[in-house]
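The values are calculated or read from the model by the stated rules, or taken from the named source; none is laboratory data. These numbers were taken from a predicted model, which means no experiment stands behind them. Using ideal geometry, Cβ is built from the backbone for each residue, glycine included, and neighbour counts are taken over all protein chains shown. Heavy atoms of the whole protein, side chains included, go into the accessibility calculation; ligands, DNA and RNA do not. Shrake-Rupley method; radii C 1.70, N 1.55, O 1.52, S 1.80 Å.
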Amino acid sequence: MKRMMLCTLIGAATVTLTACKKDEVFNSLPDFLVSDVQQFAYDGNTDDLLTAGLGPEGLASATPPAFVDALNPTPAELRRLAIYNNYRALVDTAPGGGYGSLFGPAVGNASGRIPGQEFIALMQVPGATVPVTVMAQVPDSFDPDFPCMVTAPSSGSRGIYGAIGTAGEWGLKKGCAVVYTDKGTGTGAHNLATNTAQSVNGTLTMEPEEALFRADLDAQSRDDFNSQWPDRFAWKHAHSKQNPEADWGRHVLQSIEFGFYVLNTLHGRELGNGETLRTINPRNTLVIASSVSNGGGASVRAAEQDEKGLIDGVAVSEPNVNPAVDRRFSIRQGNGPALTEHSRSLLDYTTALAVYQGCANQAPGIRDLAPLNGMFNPPATGQNICHSLFNKGLVSGATKDDWALDAQRILNEDFGVQPEQNLLAPVHFGLAVAQSIAMTYANAYGRAGVEDRLCGLSLAATGSAGAVVPLAPAAEASLFAASNGIPPSAGVNLVYDNAEGQPTNLAVSASPSSSQVDYGLDALLCLRSLAEGRDVVTGEPLEGVQAELHEAISRGISAVRASGDLQRKPTVFVTGRADAILPINHTSRPYVGLNQAVEGRHSNLRYYEILNAHHLDVLNGFPGIGDRYVPLHHYYFQALDLVWAHLTDKQPLPPSQVVRTVPRGSLTTPLTLANLPPIQSEPAEADRIVFTGNQLQIPD
C-alpha cells in the first residue's frame with residue numbers, strides 16, 4: 001500500500017484535509033466527520049497549544065486578551081480568549097494557591113508554552129442531527145515510538161477548549177496527543193432575532209451549514225416566536241433536541257478514533273519497499289480517558305462503552321456520573337446512618353437545590369458564615385423564598401429562621417447533601433449553578449425546543465432592572481470565547497417569561513403566586529415537579545403536557561445512567577467531599593458501590609475522597625474559601641500520574657482512601673505540599689474506603 005496522500009487546501013494559516021479515504025483502519029478519514037479537518041501549526045513562541053501564546057503570566061493576568069476590532073474578532077483572537085477564560089474557570093491562578101509552584105503551564109516545562117499542531121472538525125454519532133466539535137492537539141514532543149493519548153472532553157457545558165487547563169495541560173506536558181470534544185454542548189448560541197450563530201472557529205455566521213447550532217425552526221416559526229418573545233437565544237445544550245449527554249461516551253470514543261487518524265497523518269510512515277504503512281493504533285498506544293466534572297463523566301461512560309478496546313485506563317476528577325440505581329448496597333460515612341437513597345439523578349438533586357437553597361442561605365450558622373453569601377444573595381430575596389415555601393407547605397416552623405433551618409434540613413437529610421457542602425452552597429446559588437443546570441438539563445432530557453419555553457423560562461440579555469434587552473453586538477461577537485455554555489453566562493441570562501409584570505431576569509423576578517421577588521420560585525418549582533412527576537405543592541400527579549414532559553425527561557435520564565461496568569480497566573476517581581455542585585452521595589460514592597456490585601473482585605477502580613476540597617477551584621482565590629479549602633486540581637494530576645505509572649511501570653494503584661488535607665488558614669499564607677499530603681500507597685486502616693457486606697464504608 002502506498003503511503004496515504006493528504007488532499008490539502010493550503011492557506012496562510014491552515015491546511016484543510018478533505019475526504020481522502022483509505023481502507024486502513026485509523027489511516028482513513030473517519031466516516032463520522034461531517035466537515036473538513038482544519039489544521040493549525042503553533043511555534044511555541046507567538047502562539048502555542050496550551051496558552052495561545054499568553055504564557056503562564058498571561059493566563060494568570062487579571063486582564064484578558066483584547067480584540068483589535070471588538071465587533072469582528074478574528075478566529076485567532078477568539079481562540080486566545082477562549083483558552084484564557086476556560087483555563088481560569090477551572091484552575092485557581094491567584095497568588096499563593098499553588099499556581100506556578102504545584103501546577104500550571106511552567107511547572108515541569110520552563111517556558112510554559114507547548115509547540116505543536118491542532119486539528120479541528122465537526123462530527124456526529126449515528127442518529128444525531130446536530131454537529132459535535134472534535135479536536136486533536138499533537139505536541140512537537142510527541143514520540144511516535146512511544147505513542148500516548150489523553151482524552152479531554154469539556155467540563156460542564158463548555159466548548160472545545162473546556163478541558164485545556166486540566167487533561168489538556170497534563171497530556172501536552174507529557175508529550176501525548178490530547179483529544180477534545182465539546183460533547184454536543186459548547187456555546188452554540190442562536191440569536192433568534194438576528195439569525196446569527198457561531199461557526200466552528202467562533203466567528204458569527206448566518207449560514208446554516210456553517211453554524212455549530214441553529215434552532216429547529218423554519219423561517220415562519222422563528223418570525224412568530226420573535227414577535228411574541230423578542231431578543232431570545234436558543235442554546236445548543238438546552239435546545240438541540242438531542243439529549244447530548246446520552247452520547248457523551250460515544251463522543252469521547254469518536255475523539256480517540258479521530259486522534260489516531262491525526263497521528264497517522266503526522267507520524268505514520270512507510271516501511272520496506274513503501275507498501276506498508278506503520279500504523280499508530282490502540283495496540284501500541286497508551287490511551288488514558290480523563291477530564292473533570294461532565295468531561296470526567298463522559299470519559300467514564302466511554303470506558304463502559306469501549307467495545308473496540310481503545311482505552312487502557314481512566315483518571316477523572318469529580319465526575320458527573322448518574323449511576324444506575326441499585327438499592328442492594330448502602331453508603332455509610334463513619335458511624336453515621338446507612339444511606340440507601342443514593343444515586344439520585346442530576347436533575348433530581350439539582351432542582352431540589354434550586355428550590356430550597358435560596359431559603360437555606362438564610363439559616364442561622366449559614367447566613368453569616370458562608371463565604372460571599374451576603375455579596376451574592378440579597379437577604380430579602382432569601383426571606384421571600386422562605387416565606388413562599390412556607391405558604392406552600394414546603395417548609396415548616398414558626399419563624400423565618402425556622403423555615404431556613406428546615407430548608408437546610410431537607411437538603412441534608414432528605415436529599416443526601418453532605419453537611420460539608422453547606423457553607424459553599426450559597427455562593428453556588430448566587431452564581432445560579434443549580435438554577436441554570438435545572439433549566440438546561442430539563443430541556444435536554446426532555447428533548448424540548450426553544451419554542452417550548454419549559455416552565456416559562458427563556459434565554460436573553462437583560463437590563464439593570466431585569467427586563468429583556470438585545471445583547472450588545474460586541475458581547476455577541478465574543479460569546480464563543482466568553483461563554484461557559486450554560487446561561488447565565490457572558491451577558492445572556494435566565495429569563496422568567498411568566499414573572500409578575502413582564503419577562504424578567506429570573507434572579508430578580510417575582511412569582512405570580514407571591515408577587516414578591518423570590519427568584520422566580522414558581523418556575524423552579526415547575527422544574528422540580530417535572531423531575532418528580534407530581535406537583536410538588538399540591539402533591540397531585542402531573543397531567544396533560546406536563547405529564548408527557550415528565551415521561552420524556554425520565555426517558556432522557558434513563559439514557560444517561562451509567563452501568564458501573566468499567567470492563568476491569570484501571571481507573572481512579574478523585575472527588576472533594578465538599579463538592580457543592582455534584583453531591584458525592586449521588587455521583588462518585590454510589591458509582592464505586594455500583595462498580596463493586598457489578599465487577600466485584602475484578603474491579604480495578606480506586607476512589608480517593610479529598611477532605612477540604614470542592615468542585616470549583618477557581619473560587620479558592622476568594623477570602624473565606626481559599627483559606628478553608630485546597631485545590632482538588634492537585635490531586636487530579638496525582639490521579640493521572642498514578643494511572644500512568646500503573647500502565648507504564650506496573651506500579652500498583654493505591655487502595656481507595658480518604659486524604660486528610662490541611663487548609664492554609666489565610667490567603668496570605670502560600671499553599672505548600674505540607675497542606676497536600678499525597679495519596680498513600682499504604683494508607684492507615686482508619687483512612688481506607690472499603691466495600692464490605694454490601695456497604696461502601698467511608699471514614700469520617
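Annotations
- Residue within the range 229-243 that is at pLDDT 95 or above, part of a loop (DSSP other than H, G, I, E, B) and more than 28 Å from the chain's Cα centre (by Cα) present: yes
- Checking each residue in the range 309-334 for being over 16 Å from ASP565 (Cβ atoms) and at pLDDT below 95 picks out only ARG327.
- One residue from TRP229, TRP248, TRP235 being among the hydrophobic types (A, V, I, L, M, F, W, C), touching a residue at least 24 places away in the same chain (Cβ under 8 Å) and open to solvent by 20 Å² or more (accessible area, probe 1.4 Å): TRP229
- Some residue of the range 577-599 being aliphatic (A, V, I, L, M), touching a Gly at 6+ places or on another chain (Cβ under 6 Å), without any contact (Cβ under 8 Å) to a residue 40 or more places away in the chain and more than 17 Å from SER345 (Cα to Cα): yes
- Test: residue in the range 448-457 that is touching a residue at least 12 places away in the same chain (Cβ under 8 Å), crowded, with 24+ Cβ neighbours inside 10 Å, among the aliphatic types (A, V, I, L, M) and not in a helix (DSSP H, G or I): yes
- Residue match in the range 267-275 (condition: surrounded by fewer than 21 Cβ atoms within 10 Å (Cβ to Cβ), among the aliphatic types (A, V, I, L, M) and closer than 19 Å to VAL138 by Cβ): no
- Those helices (runs of 4 or more DSSP H) of the range 302-409 in which at least 1 residues are of a type in the set (Phe, Trp, Tyr) and surrounded by fewer than 22 Cβ atoms within 10 Å (Cβ to Cβ), considering only elements entirely within it, cover 373-376, 379-391.
- Test result for ALA193, surrounded by fewer than 24 Cβ atoms within 10 Å (Cβ to Cβ), in contact with an Asp or Glu (Cβ under 7 Å, 6 or more places away or on another chain) and not charged (D, E, K, R): yes
- Unique residue being buried (at least 23 other Cβ atoms within 10 Å of the Cβ), of a type in the set (D, E, K, R) and either within 26 Å of GLY556 (Cβ to Cβ) or modelled with pLDDT of 95 or more (or both) when the list is ASP182, ASP218, ASP223: ASP182
- Residue check, LEU647 within 21 Å of GLY171 (Cβ to Cβ) and more than 22 Å from the chain's Cα centre (by Cα): yes
- Of all residues making up the range 555-583, the number that are under 21 Å from the mean Cα position of the chain (by Cα) and not in a loop (DSSP other than H, G, I, E, B): 13
- Considered as a group, the residues in the range 101-148 that are under 21 Å from GLN242 (Cα atoms) and of a type in the set (Val, Ile, Thr) include one that is surrounded by the fewest Cβ atoms within 10 Å (Cβ to Cβ), and that residue is THR129.
Yes/no matrix, rows are residues, columns are (1) in contact with a strand residue (DSSP E or B) (Cβ under 7 Å, 6 or more places away or on another chain); (2) surrounded by 24 or more Cβ atoms within 10 Å (Cβ to Cβ); (3) more than 20 Å from VAL292 (Cβ to Cβ):
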site: GLY621; (1), (2), (3): no, no, no
site: GLY624; (1), (2), (3): no, no, yes
site: ARG628; (1), (2), (3): no, no, yes
site: TYR636; (1), (2), (3): yes, yes, no
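- Looking only at residues in the range 608-619 that are in a loop (DSSP other than H, G, I, E, B) and closer than 21 Å to VAL592 by Cβ, the one that is most open to solvent (accessible area, probe 1.4 Å) is ASN612.
- ASP522 without any contact (Cβ under 8 Å) to a residue 12 or more places away in the chain, acidic (Asp, Glu) and open to solvent by 10 Å² or more (accessible area, probe 1.4 Å): no
- Considering the conditions (1) open to solvent by less than 10 Å² (accessible area, probe 1.4 Å); (2) assigned to a loop (DSSP other than H, G, I, E, B), ASN484 is excluded by exactly one of them, (1).
- Scanning the range 193-215 for residues that are modelled with pLDDT of 95 or more, of a type outside the set (A, V, I, L, M) and not in a loop (DSSP other than H, G, I, E, B) yields a count of 4.
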